[in-house]
1. Taking only the alpha-carbon atoms of the protein assembly as shown, what semi-axes of the equivalent ellipsoid follow from 5 times the gyration tensor eigenvalues under a square root, in whole Å, largest first?
2. Closest approach to the A-B rotation axis by any Cβ of A: residue and distance in angstrom?
3. Treating the angle as unsigned and between 0 and 90°, give the value, to the nearest 10°, between the Cα long axis of helix A:273-293 and the longest Cα principal axis of chain A.
4. For residue A:345, which lysines qualify as cross-link partners when the Cα separation must be under 24 Å and same-chain residues fewer than eight apart are set aside?
5. Can you give the extra length, in nm with one decimal, that the chain gains between residue B:278 and residue B:390 once fully stretched, where that is 0.36 nm per residue apart less the Cα-Cα distance?
6. Give the average over all directions of the projected area of the C-alpha convex hull of region A:272-396, one decimal, in nm².
7. Once you list every other residue whose beta carbon is under 12 Å from the beta carbon of residue A:168, what net charge do they have if Lys and Arg are +1 and Asp and Glu are -1?
8. Trypsin sites (Lys or Arg not before Pro), restricted to region B:226-292: which are DSSP loop and have at most 13 other Cβ atoms within 10 Å?
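Here, each number is a calculation from the coordinates, and none is a lab measurement. If you're wondering where the values come from, they're calculated on a predicted model, not measured in any experiment. Every residue, glycine among them, receives a Cβ derived from its backbone with ideal geometry; neighbour counts consider all protein chains shown.
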2 protein chains.
Amino acid sequence: MVERFKHLSPPARLLLGPGPSMVHPRVLQAMSLPLIGHLDPEFLKIMDDIQQMLRQLFRTRNPLTIPISGTGSAGMEAALVNAVEPGDTVVIGVNGVFGARMAAIVDRCGAKSIRVEAPWGRIIEPASIEAALVQYAPVKAVAIVHAETSTGVDQPLQEIGVLCRRYRALFIVDAVTSLGGMPVNVDGWGIDLCYSGTQKCLSCPPGLAPLTVGERALAAMRARKSPCPSWYFDLALIADYWVSAKRVYHHTAPISMLYGLREALRVIDEEGAAARFARHQVNSAALTAGLRALGCEPVADEAHRLTTLHCVAVPAGVDEAAVRTALLHEYGIEIGGGLGPFQGKVWRIGLMGESSTRANVWSLLSALDNLFLAKGWVERAGLALEAASRAYSEETGHK
Amino acid sequence: MVERFKHLSPPARLLLGPGPSMVHPRVLQAMSLPLIGHLDPEFLKIMDDIQQMLRQLFRTRNPLTIPISGTGSAGMEAALVNAVEPGDTVVIGVNGVFGARMAAIVDRCGAKSIRVEAPWGRIIEPASIEAALVQYAPVKAVAIVHAETSTGVDQPLQEIGVLCRRYRALFIVDAVTSLGGMPVNVDGWGIDLCYSGTQKCLSCPPGLAPLTVGERALAAMRARKSPCPSWYFDLALIADYWVSAKRVYHHTAPISMLYGLREALRVIDEEGAAARFARHQVNSAALTAGLRALGCEPVADEAHRLTTLHCVAVPAGVDEAAVRTALLHEYGIEIGGGLGPFQGKVWRIGLMGESSTRANVWSLLSALDNLFLAKGWVERAGLALEAASRAYSEETGHK
C-alpha cells in the first residue's frame, strides 16, 4: 500500500466571509451517513421533507420547490434558461457582480438583456424598473438580486413584484444571500422564480441551489417555442423526478448533499424564522457598530443594509490584503475582499446562519482591534469591542 | 424548540444497483470535516491533489482535468455544450439510454446529431462510425459511451479514436460507469474530452463529474464563433478557477464533496489501478456465473461485457419487480431494473468500486438463490453459490 497523498486535514477556520458559512455539526454528521439509492422509497421521503421545509422557508405554496443539483450559480442558470427564450427581452437590475452575472446568462440564452443600473452600494429604484418595462415592452421577465453579496445591499422587492404583475412580466429573484437569514416571501411579494444557495444563510455546505417556481413561470415554460437549452437544468424533466408521482429518473441525485440540506433545514425549522432573523439582526448591528468604531463604514445606506453580509469600506491608510492575510493565518478567521471595482477597497464580512453568533462577532472585532492597534491605525485598544457592546445592549434592551 | 421532522436515519442498504455504489467509511468521514473557504490557500492544495489523482486515473497529461460541480449528467452536458456549436454535425453512438441522452443534448445545442445506432446490448461498430464520418463530413465530434449503464456493454474505443484523428473530429467519451473500475486511457486512445461521475466506480457520493479536456478540444473551444451557451459549465471560466495561477472565482466550489472525492481518489491510489481492475474482473466473473446458474443470461456478448455493471435478462416466468422489492425490503439489497425498452425485462447489477467484493457477491447470490427456490423458479438450493464458487476458483487459479 503506497500512500502518496497526505491524510486530509483542513485547518480550523472561522468562516466569516461571503460564504461558505459555518456548518452545524449535525449537518456534517448527516453528510457522513451511509448512502441509499436515489430511487429508494426511503429516499423519496427525504426528498418530500426537503421540499416541504423549503416551501416554508421561501413562504410559498409552489409545488415545484426543490434543490437544483449544483451550487447557487446553478440555481441562477436553471431559473434563467428555463424562463427565457431567444428573442425575449429581460430587464435586469445591475448594481453588483451578481446582477451582471444574470445579464451574462440572459445574453447566452440569445435573449436581449436590458440592464437597469445603479451605482454599487445603492438599490435599484422601482421607478427605473418601471421605466424599462414601459420603454422595452413587452418584457418577458424582470430579474433582480435580493441580497447583493458584492455590495451588502438589501433590495426592496415588493413594489417591483407589483410592477411585474401590472406589466405581465415574470419576476425572478436571486435570494442566494438572503434565504434563511432574513425574510423572503415568494408568494407575498409576487415572485415567480426564486433561487438560493445552500452555503450562505442555510449553513449547509455549497453544492445545492434551492429553487421555487410559481404557476405563471410554469405556464411560460410550457408555452416555450424552443426547448430549454440545458438538458441538465430542464425543470420539466427535473419536476418529473422531484414532484410527479411517477418519480422518473433524470439524473442521480446528490444523496449526501441532500442528507445535509435536510438536516440544515431541520435546524432552521427548530430555531424558527422569527428568532433566526432577529439573531441575524442583533449580531449585524453589533458588528456594524464595532467596524464603524474602527473607521470601516458600510457601503450601503442604513435603510438598505443587509444583516447577513456586511460590505464595509477599508479606511484610508489601512492595508486591505494584509489584514485579511493576518486574520486567516494568525487568527484562523476568513473574511472576504472586494470584487470587481471594489477590489482592494472593501471587506465583505458574512454573519450568515451558524456564523451569526455573538462569539464570532467578538472574535472578529477583537482580532481587528488588535491588528489595527499594532499597526497604529487606531489610537487605543478596545474601540470596536466597546462599540459592539453598546450596540448589543441597545438591541436587546438591557442598557 | 419544535421538532417537526424526524431525525435522519436512512436504512442500511447494500448498494448493488447501477449507482450510487457503496462508499468507503474514510470518504464519508472526509465529507464530515469542517469546511474551509473555496479560495483558502489550503483548499487550493486540495484542488491540486484532486487534479493530479484524476489525471492518473484518466491516464492523461491534460492540464484541464477537474471535477465539474454537478452529477455525471452535468459532466456530459459540460463536455457537449463546450465542444459543440450551433450548426455543427456530431456523430453519436446510440445503443442505450446514455447515447440517446448525448444526442438530446447535442440537439439542444442547435447542432445536428447523427445517430449511429446499434441494438441495445450490442456495441457500436467502428465501421459504422467511419461510414457516418464520411457521409456527413465535416463532422465536428464523435461522442460515444464507454460503459453503457443501461445495457452493460463495454464499447471498444481505440479504433474509433484513430478514426477521429483521421477525419479531424473531436472524440468525446462518456466514462461514467468505467472510470476507476476498468482501464480508461484518455491519451493512449486519442480521447479529446472524457467525463465520468463520482457515484459509480470511484465510490464517492454522487454530485461531481470528473472531466478532462485535451489540447484539440481546447483549440476547438477557443475557435468558437458563439459563446458557450452555459455560463455555469463554461470551461474557460472554470479553468480560470481550477487551473490558472490566478484562481479567479467562478462559482463556490462544493467543498465537502471535494473533500470526499479527494479521499475516494486516495483510496483508489493506494489500491493501485491493476489490483483494482483485477478485483472488478474476478467478482464480475463469479457474479455472472452465479446469475447464469439461475437462468439470468447477460445481455451483452462475452467479448463486450462490462465488469462493473451487469445487465442480465430476467428468466421467463420470474416476477422482475417482485424480486427487486423483496431484495430491498427483506435483504436490504438494492439492484436496478431496466430502462426504456428493457423495463421489466432485465436487472442491472453494479459491482463498482467498494461494492465489488466477494462478500457482496455472496450476499446477492444467496438472496437470489433463496428467493428463486421459495418461488419454485429453481429446483434446488445453492445453484448460484456453487457456480460462483467454481468461477472464483478458476479466476484465482486455485481449483
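1. 47, 29, 25
2. So the closest residue, with its distance, comes out as A:32, 2.
3. Relative to chain A, helix A:273-293 is tipped by roughly 40 degrees.
4. A:200, A:375, B:246
5. Between residue B:278 and residue B:390, full extension yields 38.6 nm more.
6. On the way: hull surface 30.7 nm².
So the Cα hull casts an average projection of 7.7 nm².
7. +3
8. B:246
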